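The following block contains the structure, expressed as structure tokens.
Bear in mind these aren't lab numbers, they're just calculated from the coordinates by the rules spelled out. Please read all numbers here as calculations on a predicted model, not as lab measurements. Because the Cβ atoms are built from the backbone with ideal geometry, glycine has one as well, and the counts that use them run over all protein chains shown.
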Amino acid sequence: MEIEKYQIDAHNEKLTAAHQQRFSFAASENAKVEEVITKLIKFQIAIPSWALGTGGTRFGRFSGGGEPRSLEEKIEDVGLLHKLNQSSGAISLHIPWDIPTDYDAIKSLATHHGLRFDAMNSNTFQDQADQKLSYKFGSLQHVDKGVRQQAIDHNIEVIRQGVALGSDALTVWLADGSCFPGQLNFRKAFQNTLESLEEIYAALPDAWKVFVEYKAFEPNFYSTTVGDWGQSLLYASKLGPKAYTLVDLGHHLPNANIEQIVSLLLMEGKLGGFHFNDSKYGDDDLTAGSMKPYQLFLIFNELVEGMDAKGIDHATGLGWMIDASHNVKDPLEDLLQSVEAIMISYTQALLVDREALNIAQQENDVVRCQEILQDAFRTDVRAIVQEARLRTGGAAQPVQLYRGLKVRENLISNRGLKTVATGL
Ligand code: PSV
Ligand code: MN
């Protein structure tokens with residue numbers, strides 16, 4: 001299914017008057033509004049190919065119907081999102097879930113939908129049917145060089161596939177670790193992992209980056225070999241200038257100060273990419289901004305401050321991606337909500353009066369500091385985000401139009417009710 005321009009125009013027309021009123025008010029309140037809109041138009045958030053179907057939990061999975069059955073259909077789904085919000089212009093693939101059969105055809109399908117290929121993700125956390133050696137006790141950390149080599153070769157193969165698609169980054173997330181005290185020699189596990197990553201790093205093409213994603217726990221519950229930002233930064237620093245840390249919001253221990261982590265990684269020039277989601281307890285993979293919108297804003301506040309301090313282009317300097325899972329919502333509606341929440345937080349961070357904040361910080365005026373941040377956070381910026389979307393041909397209200405056009409019903413009638421997307 002494709003959404004046609006006339007359908008978007010008809011939807012927008014009905015909402016124009018109300019929008020104009022809200023936008024004029026927002027513009028009258030914010031002198032920087034045009035500058036902000038230019039940034040919003042450039043800012044694109046990649047959609048993970050594995051989040052287009054129902055995720056499920058270890059207790060079960062309730063299919064929503066009409067899930068994409070192939071890489072082509074996944075690209076079509078991201079195309080639908082991008083058509084509606086004009087802010088999802090990239091897809092991130094996970095190998096071997098998404099191996100293309102015809103690279104040129106896949107590339108031109110993506111181009112047709114206005115999409116580029118974001119970071120490629122390797123998978124050494126599951127065993128595949130045709131795999132010789134098992135990852136039950138780890139992959140790049142494994143005590144057996146044979147297993148490590150198999151995982152290294154897989155990552156190099158993923159780079160090769162990414163090159164064929166025009167991607168320029170590899171994300172390595174390892175489930176490696178241990179479930180019980182004494183199971184693993186931490187130092188040897190780290191050294192094996194580093195040696196393995198060095199081999200992968202050596203295979204990176206010139207303009208490529210590798211992102212080392214950390215996670216505190218799960219599926220290993222005693223130790224994780226890339227368990228936190230410190231360990232990831234150690235690997236990234238030892239590997240070299242093409243290696244960076246990737247922050248997934250759900251991969252921290254409870255109450256971690258993620259905004260401070262982000263600030264310091266940026267200061268060190270080692271923050272490479274982001275996986276957005278939200279959580280209450282662990283790696284819940286919920287819709288971005290659905291639980292802790294203030295935290296999302298504070299993270300963006302540090303991102304904007306840190307990127308500006310280093311002259312980093314907001315849109316292209318880092319890899320921006322959603323990494324969520326959908327158990328009870330329509331995945332496409334959920335992704336539209338996540339993108340909207342991210343754009344709102346980014347806009348609010350752009351509105352922070354940095355000059356005033358610097359002065360207040362310098363004067364230890366704690367009350368004023370809080371007022372400045374919360375003034376931005378409490379600003380209703382939805383009309384500004386909507387204006388940016390409208391100027392690029394998107395829908396005034398993406399979820400509303402998605403429902404109005406009966407997109408899910410259409411997908412179910414084309415693909416069937418009991419389809420299962422590849423992935424988690
Ligand atoms: C692991 O929890 C993770 O966040 C990694 O990014 C994976 O690649 C992704 O989820 C999908 O399983
Ligand atoms: Mn992730």
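Taking θ = phi - 60°, what integer Hz values does the Karplus form 6.51 cos²θ - 1.76 cosθ + 1.60 yield along the range 409-415, in sequence order, with x for Gly and Pro?
So the J values, rounded to whole Hz, are 4, 4, 5, 5, 6, 7, 9.
Can you tell me which of 133-145, 314-326 comes out highest on packing, and rank the rest after it, using the mean Cβ neighbours within 10 Å? Please report the intermediate quantities before stating the final value.
Numbers: 133-145: 19.2, 314-326: 21.1.
In descending order of packing, they fall as 314-326, 133-145.
Between the range 49-123 and the range 393-424, how far is it from one alpha carbon centroid to the other, in angstrom?
Cα centroid to Cα centroid, the span is 13 Å.
Output ³J(HN,Hα) for the range 181-198: one whole-Hz value per residue in order, computed from phi by the Karplus curve 6.51 cos²θ - 1.76 cosθ + 1.60 with θ = phi - 60°, and x for Gly and Pro.
Per-residue couplings from phi come out as x, x, 5, 9, 8, 4, 5, 5, 4, 5, 5, 4, 5, 4, 4, 5, 4, 4 Hz.
Give me the dipole magnitude in Debye, nearest 20, for the chain about the Cα centre, with unit charges on the beta carbon: positive for Lys and Arg, negative for Asp and Glu.
Numbers: 40 positive and 55 negative charges, 119 e Å.
Result for the chain is approximately 580 debye, rounded to the nearest 20.
Taking the Cβ of each residue in Tyr402, Tyr281 as the centre, tally the other Cβ atoms inside 10 Å and list the residues starting with the fewest.
On the way: Tyr402 21, Tyr281 8.
In increasing order of surrounding Cβ atoms, one gets Tyr281, Tyr402.
Name the residues whose placed amide hydrogens come within less than 5 Å of the amide hydrogen of Thr224, ignoring near sequence neighbours (fewer than 5 apart) on the same chain.
Placed amide hydrogens put Ser178 under 5 Å from Thr224.
Something else now. Using DSSP, restrict attention to beta bridges with both residues in the chain and report what percent are antiparallel, rounded to the nearest 5. Each step should come with its number before you reach the end.
Numbers: 4 of 29 bridges.
DSSP beta bridges in the chain are roughly 15 percent antiparallel.
Between Glu2 and Lys310, what is the spin-label point distance in nm, taking each point 7 Å from the Cα along the Cα→C-beta axis?
4.0
Based on the mean of other beta carbon atoms within 10 Å per residue, what is the order of 293-303, 168-178, 33-43, most packed first? Before the final figure, lay out the partial values.
Details: 293-303: 21.4, 168-178: 23.7, 33-43: 17.2.
Ranked from most to least packed, the peptides come out as 168-178, 293-303, 33-43.
To continue, here is another question. Give the order of Arg116, Arg148 when sorted by the count of other beta carbons within 10 angstrom, beginning with the fewest. Write down the numbers at each step before the final one.
Details: Arg116 16, Arg148 22.
Arranged by neighbour count, lowest to highest, Arg116, Arg148 become Arg116, Arg148.
Hey, can you grab everything whose amide H is under 5 Å from the amide H of Glu67? Only 5+ residues off in sequence or another chain; H modelled, so Pro and N-termini drop out.
Sorted by chain and number, the residues that satisfy this are Thr419.
Now for a different question. Given H placed 1.01 Å from N in the peptide plane, which residues other than close sequence neighbours of Ser92 have an amide H under 5 Å from its amide H?
Ile47, Ser49, Asp118
Most exposed first by the Cβ proxy, i.e. fewest other Cβ within 10 Å, how do Val78, Val147, Val420, Val367 rank? Let's see the in-between values first.
Working: Val78 27, Val147 23, Val420 13, Val367 8.
By the 10 Å Cβ count, ascending, the order reads Val367, Val420, Val147, Val78.
Mind listing the Cα extents of the range 159-205 along all three principal axes, in Å, largest one first?
43, 19, 10
Kindly write out, for the range 90-95 in residue order, the coupling ³J(HN,Hα) from the Karplus curve 6.51 cos²θ - 1.76 cosθ + 1.60 (θ = phi - 60°), rounded to whole Hz, with x marking Gly and Pro.
Residue by residue, the range 90-95 yields 7, 10, 10, 9, 10, 9 Hz.
Just Thr347, Thr245, Thr16 to compare: in a GNM of the chain, with alpha carbon springs under 10 Å, which one fluctuates most?
Highest fluctuation among the options: Thr16.
So what does the Cα-only Debye profile of the chain read at q = 0.07 Å⁻¹, as log10 I(q)/I(0), no solvent term?
For the chain, the Cα-only Debye profile gives -0.34.
Can you pull the one-decimal nm distance between simple spin-label points at Asn410 and Ser134, each 7 Å off the Cα toward Cβ?
4.6
On a full-extension model of 0.36 nm per residue, what is the gain between Ala356 and Ser70, subtracting their alpha-carbon distance, rounded to one decimal in nm? If you can, show how the numbers build up before the last one.
On the way: separation 286, 0.36 × 286 = 102.96 nm, distance 5.11 nm.
So the extension gain works out to 97.8 nm.
Follow-up question, since we're still on this one. Could you check the simple spin-label distance between Asp9 and Lys280, using points 7 Å along Cα→Cβ, in nm with one decimal?
4.5
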